[in-house]
Structure formats: structure tokens, C-alpha cells
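Have a look at the structure below before the remarks.
The values are calculated or read from the model by the stated rules, or taken from the named source; none is laboratory data. Keep in mind that what you see is a predicted model, and the values were worked out from it rather than measured. Cβ sites come from the backbone with ideal geometry, for glycine too, and all protein chains shown count toward neighbours. Surface accessibility is based on the protein's heavy atoms, side chains included, excluding ligands, DNA and RNA. Shrake-Rupley method; radii C 1.70, N 1.55, O 1.52, S 1.80 Å.
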Amino acid sequence: MRQGLHLYIDVVGTCNLRCPSCPVGNSPGVKNARGAMSLEMLTEILDKAAGESELKSVALFNWTEPFVHPHLHELVALVVGRGLTCNLSTNLNIDKPERYRAVLAAGPRLLRVSVSGFTQGVYRLTHAGGDVERVKQSLSGLAEMRRSLRSPTRLTVAYHRYRSSLAEEQEFSVFCANLGIAFQPHHAFMLPLEKVLTTCGEVGYSPLTDEDRAVLANLSLPLDAALREAATQPGWPCALLEDQVVLNCRGEVLQCCATFDESRFTLGRFLDRPLVDIQAARRQADVCQACVRHGVSNYYQYRIPSLDNLTWSLAGPPGSASPGGRV
Ligand code: SF4
Ligand code: SF4
């Protein structure tokens, strides 16, 4: 039986924001690939992936903002035109309504918008460089475009829960309901994996800064308690390895969606190696052993139901005042 596969592809090498829980914001010393993926390269990647696997979905994002790509609609149309499921995630801070319309018209299955606060004072803490009023305005525009285009695209808001954003969750939920947009809250994670492994005492990964410690203190799901719980469960096989392949804008394979530093955690160009070889090399990576040992793979997959208990007992339910606020 052929391997089922979800592809995650960064079609550009940059993001317009600098969120502190994301390596784009918290790892400025890492110099990853820049540029934009061409239609030709995406075509070759899809051809190869379809020949080697049962391709289940293609997401045109991982660490970057896909709407930075000026021809995103053409990339989406390429994926959709092959009968494949195409998913997008965006911070919606690009002020290009015509780009949003063209992408919607191309018919992605999902357009997910990430936010973390209803007012600018809260939002900017965790979506650094962003403007939540622009996001809300663009959301209204997207809802209207979807209606006028009779678009089948599922439009959702992913509300990132931090201690600082819990109190504004309800307000954003009502805003979405009024626009007919699905609202999906979830706990923010600390990324990348390299920093989480450092918190576990592993040496040689990414150092923690004072800003990183402030992010850790602001998580609605406390990392240390979550990892203690996650480490009690088996973490292998890891779905982030077995079910997904992640590529950067040059078409190079990353170890997984949680690793960031391409100088350490890439395995060459996807087009140059058979998928079966790529997967064998990924399974042998040292970083996976450390990751599973500390429960990090379970944490990122959120596959321990008891993690929610940790959240509410330590941070309080949504809408309640944060015990510590942002530190
Ligand atoms: S979390 Fe998303 S929006 Fe924020 S810096 Fe990372 S890629 Fe950009
Ligand atoms: S075990 Fe950890 S490092 Fe390895 S693929 Fe899974 S999440 Fe990534």
C-alpha cells in the first residue's frame, strides 16, 4: 500500500510578522532560505509526490506567510486543478484585497487566519508587528468576497490562547459568529523544537533568551507541566514524521514542521531523493530521539487528552482574568 502523505510547503522564505513564540520572531540568528517558489518547481514536486505516495493534502505554508507570494493564486490553482486538497494559513496582515480575492477564487479548501487578541494592545504582544484592526477589516472583506464568489472555501479563525489573550477570546468569537466565520481556539505552543529541547536540558540546540522565558510564562498550556504529562505516553511512531513532509521555498526537506534551523535540519532537495530514502533518513535523526524522550512529539501533536486539565487548573477558563498576565 502506498504511503498517505500531507505536504507542507513554504512557498516563500519570509513572513511579515515576528511573533515571539515562532522562530521567525525568536530566532533571528538563523538564516534560512529566502525567495519564492516557482510554479514550475511546485509542478515538479507535486508530480513526484503523487508518483510516490497517496497525496492527501497540500498546505502552502509552514514557517512563513503565503500571501507574501505575489502569485499565490496560481500555486493554489495548480494544486486544486489536480483535484488535491489545498490548505492555507495566514496572519492576514497583508493589505492586498485583490490578492485575497484571487486566492479565494482559486478554491483552496481551507483558509485559516491566526489571531491572538481582539484589541491591538493584547494582539501585538503575541503577533508582533501585526495590526488587529487591519485583520478584522480584512476578515469582513473575506467574508463578503466568499459570499459574492459563492466560494466553497472554509474560512476559519484560529484563536491562539495565551494567558494574555484568554480574556478577549469571547469577543473575537462573537465577531466571527456575526460574519459567519468558524472560530477555533487552541493553545499556543512554544516553537521551534530546538528551543523546547533546550528547556528540557538538552545541549547544543537553540539558546533561550529573556524574551523566550516571557513567552513560556505567557502560555495558557504551561510547557513544563505539559511535557511531564506527554513524556508518560509513547511518542513513536511520530505522525509529524510518518504522515507529513515539509519543504522550504527551495524545495528542500525539513526534518519536520517543528524544526527550524535549515543549516542543521534539512535532508537535501525533495526532487533529488526517492521519498522512501527521505523517510528512512528522517527516522534515523538524533533529534527525534531527544524529542520523543522528552514527550515533545506528543506535545506538538496534542494527543494527550489530559493536557486540557493542566490548562484550566493553572490558567483559568477562557474569559477569566489571567492570574499572572503577560510577564
Ligand atoms: S507565527 Fe505565523 S505570522 Fe507569526 S511570525 Fe511565525 S509564520 Fe509569521
Ligand atoms: S519525533 Fe520530534 S523531531 Fe522527530 S519528526 Fe516527530 S516532532 Fe519532529
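Just so you know, the Rg over Rh for region 48-103 is 1.00, from Cα atoms, with Rh as the Kirkwood radius. Span-like helices, the chain: DSSP H, alpha-carbon axial extent 24 Å or more, mean Kyte-Doolittle -0.5 or greater, which ones? Qualifying helices, which must be both long enough and hydrophobic enough, are 132-149. Work through the residues other than Glu44 whose Cβ is under 14 Å from its Cβ and net out their charges, Lys, Arg +1 and Asp, Glu -1. Charge balance near Glu44 sits at 0.
Take region 1-88 with all the other protein chains still there, run a 1.4 Å probe, and you get 40 Å² of accessible area per residue. Counting only the backbone N, which residues of region 10-42 are under 11 Å from the spot 7 Å out from the Cα of Arg269 toward its beta-carbon? Answer for region 10-42: 41.
Taking the accessible area of the chain, probe 1.4 Å, and keeping the other protein chains in place, the carbon and sulfur fraction comes to 52%.
Secondary-structure-derived ellipticity at 222 nm for the chain, considering helices only, amounts to -11500 deg cm²/dmol, per-run term -39500 (n - 2.57) for DSSP H runs with n ≥ 4. Across the chain, Cα pairs under 8 Å and at least six residues apart give a relative contact order of 21 percent. Taking 0.36 nm per residue of separation and subtracting the Cα-Cα distance, full extension of the segment from Asp243 to Ala143 would add 32.8 nm. Computed on the Cα atoms alone, the convex hull of region 1-52 gives a volume of 106 cubic angstrom per residue. Enclosing the Cα atoms of region 1-155 in their convex hull gives a volume equal to 117 cubic angstrom per residue. Centroid-to-centroid, using Cα positions, region 37-63 and region 200-231 are 33 Å apart.
For region 153-252, calculate the relative contact order in percent as a whole number, restricting contacts to Cα pairs under 8 Å that are 6 or more residues apart. All intermediate terms of the calculation are to be shown ahead of the outcome.
Numbers: 75 pairs, mean separation 25.6, N = 100.
After rounding, I find 26 percent.
Normalised per residue, the accessible area of region 130-215 is 44 Å², obtained with a 1.4 Å probe and no contribution from ligands, DNA or RNA. Cysteines in the chain lacking any other cysteine Cβ under 4.7 Å from their own Cβ: Cys15, Cys86, Cys176, Cys200, Cys238, Cys249, Cys256, Cys257, Cys288, Cys291.
What does the convex hull of the alpha-carbon atoms of the chain project to on average, in nm²?
Its average projected convex-hull area is 15.7 nm².
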